[in-house]
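To start, the structure itself, in structure tokens.
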Amino acid sequence: MTELLLRHFVRDYQDTQSPEVRERYGTLSGATGIVLNILLCAGKFIAGLLTGAVSVTADAFNNLSDAASSLVTLVGFRLAGQAADEDHPYGHGRMEYLAGLAVSAAILLVGVELAKGALEKILHPEAVRFSWLSVGILCASIAVKLWMYLFNKKLSRRISSAAMAATAADSLSDCVATGAVLLGLLVGHFAQVSIDGWVGVVVAAFVLRAGWEAAKDTVDPLLGKAPDPELVEGIRQTVLSHPEIAGVHDLMVHDYGPGHVMASLHAEVSIDADMAATHDVIDNVERELAEKFRLIATIHMDPIVTDDEHINAIRADILSLAQQLDPAMTLHDFRMTEGPSHTNLIFDVVVPRSCPLSDDEVRRELARLAREKDPKYLTVVQVDHPYTC
């Protein structure tokens with residue numbers, strides 16, 4: 001069913017990295033959610049009137065809020081698909097994250113209101129009338145919501161969308177919540193035990209949990225979470241596949257929303273190479289990254305000595321000393337100047353954020369270990385920290 005909808009309503013649906021295609025995915029998800037949730041709200045509202053069950057009516061208003069959330073998702077994807085302009089030179093891709101955050105906030109608000117209504121029902125219980133029509137409506141709702149969960153989950157995986165993942169999580173919580181409402185009706189009818197208010201509390205708890213988890217998934221990219229390790233490794237391997245490039249460091253990935261990603265890095269090249277020819281290689285690498293990963297890459301050339309065995313041996317010694325402090329430490333931009341009384345070792349060390357040592361402690365320990373290796377060594381160290389996983 002999902003494939004059928006994609007083929008009919010999303011042009012070029014397999015090109016999931018395209019901002020235009022992402023917008024069409026969002027439109028399909030939002031429109032589907034609006035139509036189905038309005039129908040479910042109407043059905044449950046009728047069921048609530050027939051039974052007088054607050055849990056059923058609460059579930060109806062939950063679906064109404066879901067329809068509003070789907071509208072927010074649709075608008076968010078539309079806004080995210082707008083082209084860059086003078087005020088937003090990096091595009092509007094983060095509107096998708098904001099749409100997901102708005103959906104999360106709506107879910108949390110509904111959860112609070114449902115909890116208030118359920119507690120009122122517990123304090124002031126009322127008789128619930130049983131109706132097989134209401135049971136049928138609730139069963140149909142569970143089936144529809146389960147399909148919506150699978151539908152939005154599949155779409156979210158295809159385009160890596162936090163907003164759609166939030167919508168899918170909400171649909172799954174609705175399945176459980178409606179199941180609890182159905183159970184309450186059946187228990188009340190066959191066991192003559194009124195648990196309507198308590199079921200309403202369970203519904204509210206599931207809704208609040210779904211809202212909280214969805215909020216976390218949308219806040220992380222807005223705060224600037226670490227990039228996908230597969231993307232980072234793909235960039236590294238692509239750059240290093242060119243024999244003119246000896247190493248990569250200071251790789252940063254800047255996320256301005258799905259389909260709006262920038263990357264910057266330093267590429268180590270031989271100091272003896274022809275700079276014009278090397279610059280041409282760098283240009284080609286930038287274009288290759290743009291085509292392969294749909295991102296804008298900026299590469300800075302770092303000329304280094306690559307064929308001096310003496311310098312390479314000392315660099316290896318210093319790297320082993322650094323990894324005594326933390327096995328994950330790496331070096332780059334290693335340079336050496338020798339004089340009659342001392343030898344300057346100038347380099348950058350990349351310290352993982354999990355390392356317990358401060359930057360100053362890293363410098364002092366490296367200086368101490370280097371002097372123990374050779375009293376003539378003087379270290380000039382720049383401490384860096386990784387911006388990728």
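The values are calculated or read from the model by the stated rules, or taken from the named source; none is laboratory data. What you see is a predicted model, and the numbers here were worked out from it, not measured in a lab. Glycine also receives a Cβ, built like all others from the backbone with ideal geometry; neighbour counts cover every protein chain displayed.
General observations
- In region 1-41, the residues that are over 16 Å from Met148 (Cβ atoms) and aliphatic (A, V, I, L, M): Val10, Val21
- Matching residues in region 108-156 - criterion: being hydroxyl-bearing (Ser, Thr, Tyr) and in contact (Cβ under 8 Å) with a residue 24 or more places away in the chain: Ser131, Ser134, Ser141, Tyr149
- Here Leu133 fits the description: over 29 Å from the mean Cα position of the chain (by Cα) and surrounded by fewer than 15 Cβ atoms within 10 Å (Cβ to Cβ).
- Lys145 assigned to a helix (DSSP H, G or I), farther than 30 Å from Leu223 by Cβ and not small (Gly, Ala, Ser): yes
- Against the list (1) more than 30 Å from the chain's Cα centre (by Cα); (2) surrounded by fewer than 18 Cβ atoms within 10 Å (Cβ to Cβ); (3) in contact (Cβ under 8 Å) with a residue 40 or more places away in the chain, the condition Ala277 fails is (3).
- Some residue of region 198-205 being assigned to a helix (DSSP H, G or I), in the same structural domain as Met148 (by TED's automatic domain parsing) and free of Cβ contacts under 8 Å to residues at least 60 places away in the same chain: yes
- For region 229-242, the criterion of a residue being farther than 26 Å from Ser104 by Cβ, in contact with a Lys or Arg (Cβ under 7 Å, 6 or more places away or on another chain) and outside the structural domain of Met164 (by TED's automatic domain parsing) is satisfied by at least one position.
- Test for Gly76: is it in contact with a strand residue (DSSP E or B) (Cβ under 9 Å, 6 or more places away or on another chain) and touching a residue at least 12 places away in the same chain (Cβ under 8 Å): no
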